[in-house]
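Comments concern the structure below.
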Amino acid sequence: MGLTGSSTGARILNSGLHIEKETEQDKVIALAGNPNVGKSTVFNSLTGLRQHTGNWPGKTVTNVQGRCRHKENNFIMVDIPGTYSLMANSVEEEVARDFICFGNPDAVVVVADATCLERNLNLVLQIIEITDKVVLCVNLMDEARKKKIHIDLDYLSSCLGIPVIGTSARSGGGLAQLMDAVASLTDSSFKLKPLRVTYCDEIEKAVSLLRPAVADLLKGRIDSRWVSLKLLDGDESLLSSLKNYLGGNLTPKISEMLDEAKKLLDEAGIPQSRFRDTVVTKIVKTCEEICRKAVKFEKREYAERDRRIDKVLTSKLTGIPIMLALLFFVFWLTLTGANYPSKLIAGVLFRLQDLLHELLQRISAPSWVSGPLIDGAYRTLAWVVSVMLPPMAIFFPLFTLLEDSGYLPRIAFNLDNFFRKACAHGKQALTMCMGFGCNAAGVIGCRIIDSPRERLLAIITNSFVPCNGRFPTLIAVITMFFSGAADGAFKSLASTLILTGIIVIGVAMTVLVSKLLSKTLLKGMPSSFNLELPPYRRPQFGKVIVRSVLDRTLFVLGRAAAVAAPAGFFIWILANIDVSGASLLTHTAGFLDPFARLMGLDGYILLAFILGFPANEIVMPIVIMSYMASGSLTEFDSLTQLHTLLVSHGWTWLTAVCVMLFSLMHWPCGTTCLTIKKETQSLKWTLVSIAVPTAAGVVVCLIIANAARLLGLA
């Protein structure tokens, strides 16, 4: 199995989705399946790095396409959204259904979990009702063997009437056989007799009454039996899709037959309110009957280990404390491990800066060239890389390991009750976790929330958790002002404990503001959702490291670097243009100072947050540069020297507290704001996403600062 790439080729419009074909012989394969069955692993193993992503037309759900070459055949794999059914109860289900119905894929590969096959067959039977071209990929066969679960794949294939292939995608097992089956299916060499679920006599009679008129309208483009069932179910989203993709409405004859069929069902005691339940019940019973013979459990308690672990990790008594302890451990490891590589990278980059200065001096470059380019743009870029790269290179793999092991859904489970009480969505806990690495990534992650109202809640409040760019400021302030009394390892532990407390405040603000917004600007009740707790799995350390470094660390670092360099250039200009004996930087800070003092800050600090809009990492360097009254960012050998500088400019414990709180709660960075604009397609909601955390930060700082002064504490 290999890959092919193409920069040119025929473009076809497939269910509103642009797909590039190298030749007309290329086959389009839809990859479907429940969440957490290893569908992405199958997709990644088949397509490698030849992938590209985008949004489904008019949707915020991501589509991923990739190329796969197998035995001289080219296949275009389309990873459709993970879903439990095609009943169109969510955006994901609607997108998956529409692509299978109207996207004209040459085949559909349904990925199922071998450890819970019965539940997965529900989707398989629904897809078989739409198309004959289906291959069942029973994935995670290695895990099934460990749990002493035996699956008779041959019986399953004969019962379903479709090819059934067992795979272990993480190790690549069975994927070649899977593509053999796909190739046979797409060249019509595989004879199919797919199973059709037979419903009760009343439903079958109603379908037979309606089906001829529907078949006349569809003209073989979609299975008329399945569409008849959907019309009897009253599926409005399907009617809309039929109109969009086929360009036609129901004919008078269909409407007449539909009314007659529904009347027939009413008389038989199956009103439309009970129709879907009746259909689903029959599908579920069929799944049970098939699996009773196809699946054998050597140990009935095969999932007992996971249940025992979940009794601890998702318990009301121990779930939250363990979650906080894990958070503490991740941050401690990140902070402790990042110190040495950060100093090493800074040493290399700032040494290179000296060499660049020498080079410009040799060619007699004027100071107005070397200043903004080296002392401004390059030095800012070097600072951002040295403080961001090491902690991200540690944090992202740790975060991905938790994700790969199956623990992140447990976090969502533990926090679901809090978000539901705030009239928000339980999945917001997952998007909030994504925001720890990068708020822009967290905003993109909000696509997993179906409800537009709840998705906006998650987007607006995502910046209440500190991203990797705000950690340097928080860590430096904590170390200088609050953990200085401790020594050695205790100093690191004290810093981590305080940082964890700040994170908890951010989470609490996320829930509180979500509650306020749901009662005012975004009124509504929380929607229900199914949160499946996947089995615990041993993380693939090699793939985790590669994926987290390439897909997350370098991606976020590159984006931060792209805005940090121009920002450094601009800051140097402000610091080096004098007007009336003072720089523009000083004049601006003086203008902001009265209001900043009310918040427990000063004008230079508030200006640093404003100028740090492109990248939060440069806030503290701007403060240092302003206090030093120099035209470039200044490097200190130790935090002790930096502490002395800050105290000499009026910093107290109250200033430090307010700086941390405002760093936690203020406008998102420029990259995140652009991401919000792209995701919401609305300038209004982008401005709201800026205003809400900023207002929260201003109000909290005003309250803390003035309360401390009134009580004589500052």
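The values are calculated or read from the model by the stated rules, or taken from the named source; none is laboratory data. What you see is a predicted model, and the numbers here were worked out from it, not measured in a lab. Neighbour counts are summed over all protein chains in view; Cβ atoms, including those assigned to glycine, are modelled from backbone coordinates with ideal geometry. These accessible areas exclude ligands, DNA and RNA; they are computed on the full protein's heavy atoms, side chains included. Shrake-Rupley method; radii C 1.70, N 1.55, O 1.52, S 1.80 Å.
Every helix of 4 or more DSSP H residues in the chain counts as -39500 (n - 2.57), and over all residues that averages to -19500 deg cm²/dmol at 222 nm. Which of the listed residues, L664, Q65, L713, is farthest toward the dipole's positive end in the chain, when Lys, Arg count +1 and Asp, Glu count -1 at the beta-carbon? Projecting each Cα onto the dipole axis, the largest value belongs to L713.
Work through the residues other than I320 whose Cβ is under 15 Å from its Cβ and net out their charges, Lys, Arg +1 and Asp, Glu -1. That sum, taken over residues with Cβ under 15 Å, equals +2. Within a straight-line Cα-Cα reach of under 17 Å, K282 can be paired with the following lysines, leaving aside sequence neighbours fewer than 8 residues apart in one chain: K205, K230. Restricting the trypsin sites (Lys or Arg not before Pro) of segment 257-321 to loop positions (DSSP other than H, G, I, E, B) with no more than 13 neighbouring Cβ atoms within 10 Å leaves K299, R300, K316. When each of the peptides 399-408, 417-426, 32-41, 146-155 is scored by how many other beta carbons lie within 10 Å of its residues on average, the order from highest to lowest is 32-41, 417-426, 399-408, 146-155. Charge dipole (Cα centre; +1 on Lys/Arg Cβ, -1 on Asp/Glu Cβ; no other charges) of segment 357-487 amounts to roughly 400 debye. Using only side-chain charges placed at the Cβ, +1 for Lys and Arg and -1 for Asp and Glu, the dipole size of the chain relative to its Cα centre rounds to 800 debye. If you sort the three axes of the alpha carbon gyration tensor as a ≥ b ≥ c, you get a/c of 1.5 or more for segment 570-683 and a/b above b/c, which makes it prolate.
With the largest listed first and rounded to whole Å, the semi-axes of the equivalent ellipsoid of segment 86-203 from the Cα gyration tensor are 23, 17, 16. For the chain, the carbon plus sulfur part of the accessible surface works out to 61%, probe radius 1.4 Å. Helix 683-710 and the longest principal axis of the C-alpha atoms of the chain enclose an angle of approximately 40°. Kindly express, to the nearest 10 degrees and within the range 0 to 90, the angle between helix 653-664's C-alpha long axis and the longest C-alpha principal axis of the chain. Result, in degrees: 30. Could you give the angle, 0 to 90 degrees to the nearest 10, between helix 117-130's Cα long axis and the longest principal axis of the Cα atoms of the chain? Result, in degrees: 70.
Of the GluC sites (Glu not before Pro) found in segment 299-390, the ones in coil according to DSSP and having at most 11 other Cβ atoms within 10 Å of their Cβ are E301.
Here's the picture: charge each Lys and Arg Cβ at +1 and each Asp and Glu Cβ at -1 in the chain, and of L232, W653, A114 the one pushed furthest to the positive end of that dipole is A114. Here the Karplus curve 6.51 cos²θ - 1.76 cosθ + 1.60, taken at θ = phi - 60°, turns the phi angles of segment 619-628 into couplings of 4, 5, x, 5, 4, 4, 4, 5, 5, 7 Hz, with x standing for Gly and Pro. For segment 536-626, trypsin sites (Lys or Arg not before Pro) are listed when DSSP marks them as loop and at most 16 other Cβ atoms sit within 10 Å of their Cβ; the list is R537. For the chain, the share of alpha carbon pairs falling in successive 20 Å distance bins from zero is 15, 43, 29, 12, 1 percent. Placing unit charges on the Cβ atoms only, positive for Lys and Arg and negative for Asp and Glu, gives segment 242-399 a dipole magnitude near 500 debye about its Cα centre. Over segment 219-368, consider all pairs of different Cα atoms and compute the Kirkwood hydrodynamic radius from their mean reciprocal separation; express it in Å, one decimal. Mean inverse Cα-Cα distance, inverted, gives 24.2 Å.
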